[in-house]
1. Answer yes or no as to whether Ser18 is of a type in the set (Gly, Ala, Ser) and at pLDDT 90 or above.
2. I'd like the full set of residues that are surrounded by 12 or more Cβ atoms within 10 Å (Cβ to Cβ) and either among the basic types (Lys, Arg) or modelled with pLDDT under 90 (or both), limited to the range 51-66.
3. For Asp21, which of the numbered conditions (1) in a strand (DSSP E or B); (2) surrounded by fewer than 10 Cβ atoms within 10 Å (Cβ to Cβ) fails to hold?
4. Residues of the range 61-73 being in a helix (DSSP H, G or I) and over 20 Å from Pro31 (Cβ atoms), which ones?
5. Among the residues of the range 44-54 satisfying the criterion of being closer than 23 Å to Ile24 by Cα and either outside any helix (DSSP H, G or I) or polar (S, T, N, Q) (or both), which is farthest from the chain's Cα centre (by Cα)?
6. Taking only the range 55-84 into account, find how many residues are under 14 Å from the mean Cα position of the chain (by Cα) and at positive phi.
7. Can you tell me which residues in the range 21-44 are more than 18 Å from Gln66 (Cβ to Cβ), modelled with pLDDT under 85 and among the hydrophobic types (A, V, I, L, M, F, W, C)?
8. Scan the range 24-41 residue by residue and report those that are farther than 20 Å from Gln81 by Cα and either in a loop (DSSP other than H, G, I, E, B) or in contact with a strand residue (DSSP E or B) (Cβ under 8 Å, 6 or more places away or on another chain) (or both).
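The values are calculated or read from the model by the stated rules, or taken from the named source; none is laboratory data. Note that this is a predicted model, so its numbers are computed, not measured. Cβ atoms come from the backbone with ideal geometry, glycine included; neighbour counts cover every protein chain shown.
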Amino acid sequence: MRKHLKAFNLVHPAWGISEIDVVISSPVDYPRAVKRMNRLDLQGVPVPSISIEDLIRMKRTADRKQDKDNILYLKKVQDVQQKRRL
C-alpha cells in the first residue's frame with residue numbers, strides 16, 4: 001500500500017521512545033510544518049518533530065486502517081493539550 005511519503009525508520013534500545021521515523025518527502029508543506037514543529041530532547045540532542053496537526057494530515061493522506069486508528073488517538077492528545085493551555 002502506498003503511503004504517499006518517503007521515510008526511513010531508526011530504532012535504538014536505549015532511547016526512551018521505541019522508534020523515530022525520518023521523513024524525506026511528505027504531503028505536508030515543509031515551510032508551514034517548520035513553523036509548527038516541536039522539539040524533543042533525545043539524550044541531550046534536540047530533535048525536531050512534526051506537529052500533531054501535520055501528523056494527522058499525513059496520516060489522512062496515507063489512508064490506511066492503522067492511520068485512521070492513530071488519528072483518533074492523536075485527536076484525543078490534541079484535546080488534552082488544548083485543555084492544558086486554557
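1. Working: of a type in the set (Gly, Ala, Ser): yes; at pLDDT 90 or above: no.
Judged against the criteria, Ser18 is not a match.
2. Filtering the range 51-66 for residues surrounded by 12 or more Cβ atoms within 10 Å (Cβ to Cβ) gives 51-64.
Arg57, Met58, Lys59, Arg60, Thr61, Ala62, Asp63, Arg64 - these are the residues of the range 51-66 that are surrounded by 12 or more Cβ atoms within 10 Å (Cβ to Cβ) and either among the basic types (Lys, Arg) or modelled with pLDDT under 90 (or both).
3. (2)
4. Within the range 61-73, Ala62, Lys65, Gln66, Asp67, Lys68, Asp69, Asn70, Ile71, Leu72, Tyr73 qualify.
5. Here is the first cut: in the range 44-54, the residues closer than 23 Å to Ile24 by Cα are 45-54.
Filter once more, so that each one left must be either outside any helix (DSSP H, G or I) or polar (S, T, N, Q) (or both): 45-51.
On the way: Val45: 18, Pro46: 15, Val47: 12, Pro48: 10, Ser49: 6, Ile50: 5, Ser51: 6 Å.
Of everything passing the filter in the range 44-54, Val45 is farthest from the chain's Cα centre (by Cα).
6. Residues flagged as under 14 Å from the mean Cα position of the chain (by Cα) and at positive phi within the range 55-84 amount to 0.
7. Filtering the range 21-44 down to residues more than 18 Å from Gln66 (Cβ to Cβ) leaves 22, 24-25, 28-44.
Filter once more, so that each one left must be modelled with pLDDT under 85: 22, 24-25, 40, 42-43.
Val22, Ile24, Leu40, Leu42 - these are the residues of the range 21-44 that are more than 18 Å from Gln66 (Cβ to Cβ), modelled with pLDDT under 85 and among the hydrophobic types (A, V, I, L, M, F, W, C).
8. First pass over the range 24-41, keeping only residues farther than 20 Å from Gln81 by Cα: 24-32.
Within the range 24-41, Ile24, Ser25, Ser26, Pro27, Val28, Asp29 qualify.
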